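The values are calculated or read from the model by the stated rules, or taken from the named source; none is laboratory data. Please read all numbers here as calculations on a predicted model, not as lab measurements. Using ideal geometry, Cβ is built from the backbone for each residue, glycine included, and neighbour counts are taken over all protein chains shown. Accessible surface areas use protein heavy atoms only, side chains included; no ligands, DNA or RNA. Shrake-Rupley method; radii C 1.70, N 1.55, O 1.52, S 1.80 Å.
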Amino acid sequence: MSNLFKPLSIGNLNLKNRIAMAPMTRGRAGKERVPNDMMADYYYQRSSAGLLITEATVVSKQGIGWIDSPGIFNDAMVYGWQKVTNKIKPTGTPIFLQLWHCGRASHSDFHDGKLPISASAVKLNGDLIHTPLGKKEYETPRPLSKDDIKETVNDYRKAAMNAKTAGFSGVEVHGANGYLINQFLDSKTNHRDDQYGGSLENRFRFFKEVLEAV
Ligand SMILES: Cc1cc2nc3c(=O)[nH]c(=O)nc-3n(C[C@H](O)[C@H](O)[C@H](O)COP(=O)(O)O)c2cc1C
């Protein structure tokens with residue numbers, strides 16, 4: 001009898017109920033970060049929800065910061081995600097892909113020895129990070145140049161196109177929880193003196209460009 005179990009239309013989506021699965025990171029995609037049958041089963045098992053949002057999925061190699069989380073930046077990944085969306089399609093539940101870039105919440109162990117990137121050179125104060133080579137201290141990231149920013153925005157654009165090819169009904173851009181977009185938004189981690197830092201409008205600029213590209 002609850003409204004929770006009544007259908008709902010949002011835009012061109014018809015949800016069979018009002019329960020949505022929140023995006024939840026896991027590490028089941030293996031070293032190549034390619035979605036697999038186990039992941040297709042996992043989302044299928046949850047498809048009685050009205051809407052599924054996937055675990056955060058990195059838009060580029062540089063976006064990586066979590067062991068064995070999936071990506072959406074090469075053909076094998078697109079094909080892997082297609083296995084997931086094909087399995088969900090008959091259930092009538094739309095599935096969205098969450099687009100992710102970890103920024104400084106990463107480690108050079110993920111990047112062939114090169115430092116992770118961020119809005120500014122501000123190190124994450126926190127627990128150790130799990131890298132493929134063990135538990136490590138966070139490092140001071142390399143600030144993105146303006147050209148790097150353009151390239152990163154383009155990575156989000158390509159990832160969104162890949163998501164479309166993979167059969168997703170939509171995407172969600174991860175803007176929270178201390179990852180790259182959040183690092184631009186927050187004055188604690190964004191000390192830039194160009195048009196991407198300072199005022200709220202400037203700190204929002206990177207996110208805005210990502211959203212427009214997506
Ligand atoms: C295991 C786990 C993994 C999560 N991974 C993500 C993630 O990949 N992306 C994200 O935006 N939020 C992530 N979250 C946050 C959840 O999506 C959700 O926003 C958070 O748990 C707050 O909702 P709640 O109050 O209903 O728990 C994660 C939460 C949990 C418990």
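Under the condition of being open to solvent by 20 Å² or more (accessible area, probe 1.4 Å) and part of a strand (DSSP E or B), the residues counted in segment 118-169 number 6. Within segment 185-203, residues that are at pLDDT 95 or above sit with their Cβ atoms under 9 Å from residues that are open to solvent by 70 Å² or more (accessible area, probe 1.4 Å) and of a type in the set (A, V, I, L, M), at 6+ positions apart or across chains, in these pairs: Leu185/Leu200; Ser187/Leu200. Restricting attention to segment 170-214, the residues being among the acidic types (Asp, Glu) and assigned to a loop (DSSP other than H, G, I, E, B) number 3. Filter segment 177-214 down to the residues that are open to solvent by 40 Å² or more (accessible area, probe 1.4 Å) and among the aliphatic types (A, V, I, L, M) and list them by number. Scanning segment 177-214 gives Leu185, Leu200, Leu211, Val214. The numbered conditions (1) crowded, with 16+ Cβ neighbours inside 10 Å; (2) closer than 28 Å to Phe207 by Cβ are all true for Thr91 except (2). Do we find that Arg104 is more than 16 Å from the ligand (Cβ to nearest atom) and open to solvent by 50 Å² or more (accessible area, probe 1.4 Å) in this structure? Criteria not met by Arg104. For the subset of segment 15-30 comprising residues that are without any contact (Cβ under 8 Å) to a residue 40 or more places away in the chain and at negative phi, which member is nearest to the chain's Cα centre (by Cα)? Among those residues, the one meeting the criterion is Met24.
Pairing each residue of segment 166-184 that is more than 11 Å from Val210 (Cα to Cα) and within 8 Å of the ligand (Cβ to nearest atom) with any residue that is at pLDDT 95 or above and part of a helix (DSSP H, G or I), provided the two are 6+ apart or on different chains, yields C-beta distances under 8 Å for Ala176/Asn182. Residues satisfying the criterion are absent from segment 112-125 (criterion: hydrophobic (A, V, I, L, M, F, W, C) and within 25 Å of Thr165 (Cβ to Cβ)).
Within segment 159-167, is even one residue touching a Ser or Thr at 6+ places or on another chain (Cβ under 8 Å) and over 18 Å from Phe207 (Cβ atoms)? Yes, because at least one residue in segment 159-167 is touching a Ser or Thr at 6+ places or on another chain (Cβ under 8 Å) and over 18 Å from Phe207 (Cβ atoms). Do we have any residue at all in segment 132-155 that's under 21 Å from Leu185 (Cβ atoms) and within 16 Å of the ligand (Cβ to nearest atom)? Looking for residues that are under 21 Å from Leu185 (Cβ atoms) and within 16 Å of the ligand (Cβ to nearest atom), one finds none in segment 132-155, hence no.
For residues that are within 13 Å of the ligand (Cβ to nearest atom) and buried (at least 23 other Cβ atoms within 10 Å of the Cβ), scanning just segment 30-54, find the one that is nearest to Lys150 (Cα to Cα). The residue in question is Thr54. The condition (being touching a Ser or Thr at 6+ places or on another chain (Cβ under 8 Å) and within 17 Å of Ala163 (Cβ to Cβ)) is satisfied by just one residue among Pro70, Pro35: Pro70. For segment 29-51, taking the residues that are of a type in the set (Phe, Trp, Tyr) and touching a helix residue (DSSP H, G or I) at 6+ places or on another chain (Cβ under 6 Å), the one that is nearest to Ile67 (Cα to Cα) is identified as Tyr43.
When the residues of segment 7-19 are filtered to those that are open to solvent by 60 Å² or more (accessible area, probe 1.4 Å) and either within 14 Å of the ligand (Cβ to nearest atom) or touching a helix residue (DSSP H, G or I) at 6+ places or on another chain (Cβ under 7 Å) (or both), the one that is nearest to Val58 (Cα to Cα) is Ile19.
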